[in-house]
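In what follows, a structure is listed as structure tokens, so that the remarks can point back to it.
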Amino acid sequence: IKNIAVLTSGGDAPGMNACIRAVVRTGIYNGINMFGVLQGYQGLINNNINPMDARSVSNIIHLGGTILKTARCLEFKTEEGLDIAFANLKARDIDGLIVIGGDGTFTGAQRFAKKHGVKVIGIPGTIDNDLSGSDFTLGYDTAINTVIEAIDKIRDTADSHDRLFFIEVMGRDSGCIALRSAIASGAEAVLLPERETSVDELVAQLESGASTKKSSSIVIVSEGHKDGGAYDIAKKVKERFNHYDTKVTILGHLQRGGSPSSFDRILGSRLGFAAVNEILKGSTMQMVGLRGNEIHTTSIEDALTKHSFKLENDLLEMTKVLSI
Ligand code: ADP
């Protein structure tokens, strides 16, 4: 392998820049010519592939977003799209590709590697922490920090006015952000896609808090909860419980931005470094991840298909105990 390209694809996540920096510099350190692809798979198809040197990734470790930009690209899902992308890589003699993204990105990478034999390594970059094979995905820790910073501010106003706040956080299929945010912000209750919490149960919990003189309450709702989003849950609760004035906040896309936490800067650096070393060893169709504070590789196939339940049991138990 002499030439390697790197791209970011799908939803952006804080820490992607630290990761790009590590990929580019590890490659150059090992004598490889490095290329950056702009706008994910769209850039492969549009031939937006540029050489990168060590200085091209200076002063980006602390930046959110991704300097390589990201995009959703439908054309890459077609056979013609895969062929055009390959022709553009071949013209530059690029035979290794590192993709930073989520499960959609990995599905595309897998098809591409199988069809054209390009060596592909995946790096899990998504705030949702919804890939198996890595305890943490890149951007997840920063997203939680962003959420708890917002909740701290909401708590000030909730407490001043004796209010009940329903705060919706990201996570369509995964309650990871919701659960950790609940513990770290001291929320009264949390509703997760993985768990059935009935409105009855929630009302009982809020009643018990009100009876012991809680002056305000925060309930965190994961966007993927089966009973609906924060507005739906708030409406149902309000019909039966009106000790407090009820408000709803949807945090939305602010959860995807911001300067990465130290954890995500280090994780991005470790995974970027590991991805290049894997590709230099000749590996392909593997994902590098962190398990128990060590770097582990998992086949992209397993990362996509072996869904693991990632909510920590002690945290689940604690949500009830610590909120009395
Ligand atoms: P994420 O990687 O965050 O899950 P997406 O699901 O949007 O984000 O996927 C990112 C991109 O990966 C898509 O826009 C598309 O270009 C590519 N992709 C997804 N699924 C496939 C597929 N089956 N074949 C080829 N490319 C795919």
If I ask for residues that are within 20 Å of the chain's Cα centre (by Cα), part of a helix (DSSP H, G or I) and not polar (S, T, N, Q), which ones from the range 96-112 would you list? Asp103, Gly104, Phe106, Gly108, Ala109
Scan (1) out of contact with any Lys or Arg (no Cβ under 7 Å at 6 or more places or on another chain); (2) closer than 17 Å to Lys119 by Cα for the single condition Leu82 breaks and write down its number. (1)
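Counting only residues that are hydroxyl-bearing (Ser, Thr, Tyr) and not in a helix (DSSP H, G or I), how many does the range 140-177 have? Lay out the reasoning, then the answer.
First, the residues of the range 140-177 that are hydroxyl-bearing (Ser, Thr, Tyr): 140, 142, 146, 157, 160, 174.
The next check asks that each one be not in a helix (DSSP H, G or I); those that pass are 174.
Within the range 140-177, residues that are hydroxyl-bearing (Ser, Thr, Tyr) and not in a helix (DSSP H, G or I) number 1.
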Could you list, ordered by first residue, the pairs with Cβ atoms under 6 Å in which the first is in the range 65-82 and farther than 12 Å from Gly101 by Cα and in contact (Cβ under 8 Å) with a residue 24 or more places away in the chain and the second is acidic (Asp, Glu) and near the ligand (Cβ under 8 Å from one of its atoms), at least 6 apart or interchain? Gly81/Glu75
Residue list for the range 115-139, filter: in contact (Cβ under 8 Å) with a residue 40 or more places away in the chain and either touching a Pro at 6+ places or on another chain (Cβ under 8 Å) or in a helix (DSSP H, G or I) (or both): Ile127, Leu131, Gly133, Ser134, Thr137, Leu138, Gly139
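Residues checked against (1) within 26 Å of Ser259 (Cβ to Cβ); (2) free of Cβ contacts under 8 Å to residues at least 40 places away in the same chain; (3) touching a His at 6+ places or on another chain (Cβ under 9 Å):
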residue	(1), (2), (3)
Ile98	yes, no, no
Gly108	no, no, no
Phe112	no, yes, no
Ala143	yes, no, no
Thr197	no, yes, yes
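Residues of the range 224-277 being out of contact with any Ser or Thr (no Cβ under 6 Å at 6 or more places or on another chain) and of a type in the set (Lys, Arg), which ones? Spell out the reasoning first.
Keep residues of the range 224-277 that are out of contact with any Ser or Thr (no Cβ under 6 Å at 6 or more places or on another chain), which gives 224-233, 235-237, 239-254, 256-257, 259, 262-263, 265-272, 274-275, 277.
Once the filter is applied, which keeps residues that are out of contact with any Ser or Thr (no Cβ under 6 Å at 6 or more places or on another chain) and of a type in the set (Lys, Arg), the range 224-277 yields Lys226, Lys235, Lys236, Arg240, Lys247, Arg256, Arg265, Arg270.
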Can you spot a residue in the range 145-158 that is surrounded by fewer than 24 Cβ atoms within 10 Å (Cβ to Cβ), among the small types (Gly, Ala, Ser) and within 16 Å of the ligand (Cβ to nearest atom)? no
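Every number here is computed from the coordinates shown, using simple stated rules; none is lab data. Model, not experiment: these values are computed from the prediction. We place every Cβ from the backbone using ideal geometry, glycine too, and count neighbours over all the protein chains shown.
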